[in-house]
Structure formats: structure tokens, C-alpha cells
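A short reminder: the numbers here are calculations on the coordinates, not readings from a lab. None of these values were measured; they are calculated from a predicted model. All Cβ positions, glycine included, derive from the backbone under ideal geometry; neighbour counts span all protein chains shown.
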Amino acid sequence: MYYGEDIVEEVRQKTDIVDLVGQYVKLKKKGSSYFGLCPFHGEKTASFSVSPGKQIFYCFGCGKAGDSIRFLMEYENLSFVEALEELAERANVTLPKEEKRDKGEEDLRYKILEINKQAALFYVKQLRSEKGKSGLAYCAKRKLSGESITHFGLGYAGKERDSLYQYCKSLGFKDQVLQESGLFSFKEAGVYDKFFNRLMFPIMDLHNRVIGFGGRVMGDGEPKYLNSPETKLFDKSRNLFALNFSRKSRSDFFILCEGYMDVISLHQWGFPEAVAALGTAFTEQQADLMKRFHSLVYLCFDSDGAGKKACKRAISILREKNLEGKVINLLPYKDPDEFLKAEGKEAFEKRMEEAKNAFLWEVEEKKNEFVLHDPAGMQKYMESIAELLRTVFSDPVERENYLKAVAREQMLKAENLQHLVDQREEKIQLSFGFKKATDGKEKKREEKWNSPLEEEFLSVLMQRNEFLPIARKYVEEEDFQGDFAKEVYGKLLSGTDAKLILDSYRNEEEKYQKLAKLYHGDLYHMDLERDEEKKLLSDYIRQLKLQKIEAKIREVTDAEGLSLCFKERDKWEHFVFG
Ligand SMILES: [Zn+2]
């Protein structure tokens, strides 16, 4: 960390986490906390909580937890310093300049950003120069407007093998950072630009900073499209092309398509909602990213076999993340660019209106896998639909609605389909011997840490520090079995404030989340009368002690040792403090 603790604390104090989170997540007050749908995992019931008193968030579903800085880091995919700077700006805190980014990782990210920015400017200049003729000619052939070229920052990488490298050297960048940027190949014979003779598409993050490039070869070279490799900055699975623009559209949906050219063409035709995966298959993280903004995604993939396959994959990911998918039919054209050029904007809007529910589209596609005029083929087809209905929809009402819609569309008897679904459901229940949970997806993650007893006790102590003196009197660190529990208890004993203890694990995600849960978890039994409290605390202490003694009894081998243990056990068995 390159800012002092004081200034970090000041930013934290001047930021209200409820205000901050409220800008991204719809929150509702419930008791002393606020609840909303978790932005970090797919869910239908709100298990994401924000505590104004403790200034932290905690998700009871996926366990993500943290303070305001952590929230922004996770949500906007920022580093600690970047998040801090953004919050400082919001809170009108002036950060000291000289402490900024002076070494290490943070500095490297910053330098790679700078190289990318310079490279983007360099490519833009080249496109407008004599050398860039072939690039501009290609843009003209694809009917890209001058506005689009500027808006997306398109550029051109020339035919020389090291012009960008020479340019960056002239700006004073060192080989070591240039190597980390992913834009160059360092070989024995010399250093070469990775991109040459290509039309360049800068890839930007949510903050319009260039984090990588895609390049389309001019002419017939291979590969047709080349992307920057992953770097400290550029994680392909966590970014989407043009999301920095489309997130600002006024619509409440995205159009997901296959390539850079599709996206640019759609934007040019008046569909600023278009985004594309970055030369990889659509990923879960990308779905998470989209979900932060909208819950409806139009799928606009090529009409060929590869496009359909990619579409199916995307549908299952959207479903996993509880995003609604609709499939746009582009036939008889191959891709959105072709469609728009031939049919225009209104025709495309019409196709969007007619876009098919993703599940019904999948069922329709399944037809092609079976020979339907053969009764055996028909049977298999229906069975596969039943299986799909059973696995995709756990909610009985939702399943029935879909079953009816499928039956109507495919002209099948709903009862027959229902029969097949029921048959399958019974088989599953028999083979497992129990009914499956109503919604497997939202089943809470099993937390294995120390014994639940130790967790609960620590949770009580973290939230009610007036109990500490009593705990101190009877319980030692060594009474805890779990190492982490020992550590935390030790810190509590030394008088460290619970909030500060939590903060001290900021860089150890797993521990942080566990601790946040204890610090923030419901103490449902803490509305007690005075003597009930006393009993509860006595229970914890007694059980901790007994747990330790039982462990010792299992180890001790001599009679004398055992009898000591038994005496000890008798003493604690009836323990009540005070
Ligand atoms: Zn969650």
C-alpha cells in the first residue's frame, strides 16, 4: 500500500457504505442492516447485506465481504489504490501526491496502462498516415463511418516489424516493462512488434482505459484476428469489448455478439447496447459483469453451426447467473453486419421484438438432433426436452409454464411431456433416497473453519466487547483448537478493536470473509436478560474447556494423567462464572 493508513482511514470514514453500495445495488432496510440482491453471485432472494453501523457488506450466499474500498475493488474490478482514489474523489479528500504509485505492482500496472495508451495513439496516427492506406480501405469496404473509427479509436499497425517498439523506446520505456505489456515479442534476434499489418481495435476497461488490443490482419494472413495476451491488466475472461460504451446506453439490456466488427456495426446502426467477448468463449465472469448493469441479454450470434454452438454455451451461462436471454434470428444472413446492410435498422428492431426466449430456442434447436418422423426418434426428442425441463427449472410453477409453452410450440401433448418429467424426477429421488433441495443453486456454502462453537464464541466477543473481561479471566488462546481462532482471540485479548482486527486481514480474502461473517453475523440470541447472558457465556466457556479436555483425554496414556484430566473435567462440567 502506498498511501498512509491515516489517509486510507479518512477516506473510509468519509464514505458511507450504504450510499456507495446503494448506487449499484437496490437496497432495502431490514432491522439494523440493508439487504439486496448480491452483485457477485446469481440469486433471486436478497442475501447480500450492508451494515451502516459496521460499514461493511457481507453476502450470506457467497461469503463475499468487505468495506467500502473492497466493494469498489470487486465491483469495478479495480486495484486497491484505484478504488481508494475513486472514493477519495467522491468524498472530496485530497490524496498526497508524492506518495502516489512509487513502486511495485501498482507501478507496473500504471506503466502498462501508459504503454497501451501510447500504442493506441501511435496506431491511430498510423491509420491516418500514408502507411495506413490499406487499413482505411478496409474500413471503407466494411462501410465503417469516420465517426465509428474515431469513437472506437481504431488504428493501424504498419508492416515494419518494430516501429511501435522503436517508438516506445524513444519515449523512454524500459525493456522490462515493455515485455510485460504483451505488445512485443522478445527474441534472441531482437524485439518485434506482436501486431503488424493489422487494423487495430483497442480494448478498454469500464473506465475507458486501454488494457489490450485486438487486431485484424489486412489481406489473407493468419490468424485473422489476434488479441493481446493476458497481462497484469488484461484478463480476457473479465472484460467485454465495448462495455465501456454500452453500459451508458439508456436501454435496460445488452446485445451480445461474436466479434469486434459486429459490435462496431451495431453501434453505428444505432444499437449502442452491443458488446462482444474478447476472442474467447463467453465466460461466467463476463456474465457477472453484465449483470451489474442489466438482466436482459439479446444473443446475436452468427447463423452458422459455430455461432449456434457458441449461442448454446452462452445461454447456459446466462441461465446459471439468472440472466434472461433472448435469441435474435439473423437468417438468411450470416451475421448482424450483413443483416443490417441488407435490411436496415427497422428490420433489425423487428427481429429483436421477435427474439426467441432462450429456452424455447434451445428446444427448437434440439429438433435437428433427432429424426422426428421415426417414432423412436420422436421418443428420444421428447425425453431430451423432459430432461432439459427437469434440470433447468427447479421451481415447479416456472417449470409448468415452460412445459406448456414448449408443448404449444412443438405441438406435443403437455400431459405426455409432464409424464416424462415426473418419471425422471422419481428416478432421481429413488436413486438418492431423498428429495433434492428446492433450489440447489442458492444453497449456502458450507463453511468449515473451526468448530461452530469457537466461531460462535468469537462472534459474540467481537460484537459485545463488554464480555471480554470475563472471557479473559477463564479462557486462554490455547483453549481454541483452530489456529486462526487462536490468532483472532489473541488479538481480542490484546485489546484490539474488532473492526481493526477485521481490517488487518484485508489482504487475505478467505480469512477476511470468515471474520466478516463473525463480526457481522446475526446474534439472534443476544437480546437476553442479564442472567440469561451469564448462562450463555458460561456455556461457551464450559464447552470450550471441555472440548480441550476431551482432546487431551484421547492423547493421555498413563493413569495418573487420566485421573487429572477427569478431575479437571468435573470442575468445568458445572462451571458458571461470577
Ligand atoms: Zn453473494
Karplus (6.51, -1.76, 1.60) ³J(HN,Hα), θ = phi - 60°, over segment 510-518, in Hz, Gly and Pro reported as x = 4, 5, 4, 5, 4, 5, 4, 4, 5
request  = Search the structure for amide H atoms under 5 Å from the amide H of Met204, placed 1.01 Å from N in the peptide plane, and list their residues when 5 or more places away or on another chain.
outcome  = Ile211, Ala242
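Starting from 0.36 nm per residue, how many nanometres of slack lie between Ser563 and Glu550 once their C-alpha separation is accounted for? Write out the running numbers ahead of the final one.
Details: separation 13, 0.36 × 13 = 4.68 nm, distance 1.26 nm.
Stretched fully, the Ser563-Glu550 segment lengthens by 3.4 nm.
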remark   = With x for Gly and Pro, the residue-by-residue ³J(HN,Hα) of segment 282-290, computed from phi through the Karplus equation 6.51 cos²θ - 1.76 cosθ + 1.60 at θ = phi - 60° and given in whole Hz, is 4, 10, 4, 5, 5, 5, 4, 4, 5
remark   = Over the chain, the sum of -39500 (n - 2.57) across DSSP H runs of at least four, divided by residue number and rounded to 500 deg cm²/dmol, gives at 222 nm -15500 deg cm²/dmol
query = How about Lys367: which lysines have a C-alpha closer than 17 Å to its C-alpha, ignoring those fewer than 8 places off in the same chain?
reply = Lys308, Lys309, Lys312, Lys356, Lys380, Lys413
request  = With a ≥ b ≥ c taken as the square roots of the eigenvalues of the C-alpha gyration tensor of segment 21-162, please select rounded if a/c is under 1.5 and otherwise prolate if a/b is larger than b/c or oblate if it is not?
outcome  = prolate
task = Pull up all non-local amide H partners of Phe577: gap of 5 or more, or a different chain, and H-to-H distance under 5 Å with H placed in the peptide plane.
result = Ser538
request  = Return the distance in nm (one decimal) between the two label points of a simple spin-label model at Asn368 and Thr45, each offset 7 Å from Cα along Cα→Cβ.
outcome  = 4.0 nm
query = For Leu331 and Ser79, FRET efficiency with R0 = 45 Å and r from the beta-carbon atoms, rounded to 0.05?
reply = 0.50
inquiry  = If packing is taken as the average count of other Cβ atoms within 10 Å, what order do 135-148, 301-314, 271-284 fall into, highest mean first?
reply    = 271-284, 301-314, 135-148
inquiry  = For a 29 Å ceiling on Cα separation, which of these pairs sit above it: Lys30/Lys321; Lys111/Lys334; Lys321/Lys499; Lys26/Lys341?
reply    = Lys111/Lys334; Lys321/Lys499; Lys26/Lys341
task = For Lys427, list the lysines whose Cα falls under 16 Å from its own Cα; do not include residues on the same chain fewer than 8 positions away.
result = Lys435, Lys436
key: Packing-based order for 532-542, 76-86, using average beta carbon neighbours within 10 Å, highest first   = 76-86, 532-542
key: 3J(HN,Hα) from dihedral phi, segment 241-253, Karplus parametrisation 6.51/-1.76/1.60, rounded to Hz, x for glycine, proline   = 5, 6, 5, 4, 8, 5, 4, 8, 5, 7, 7, 10, 8
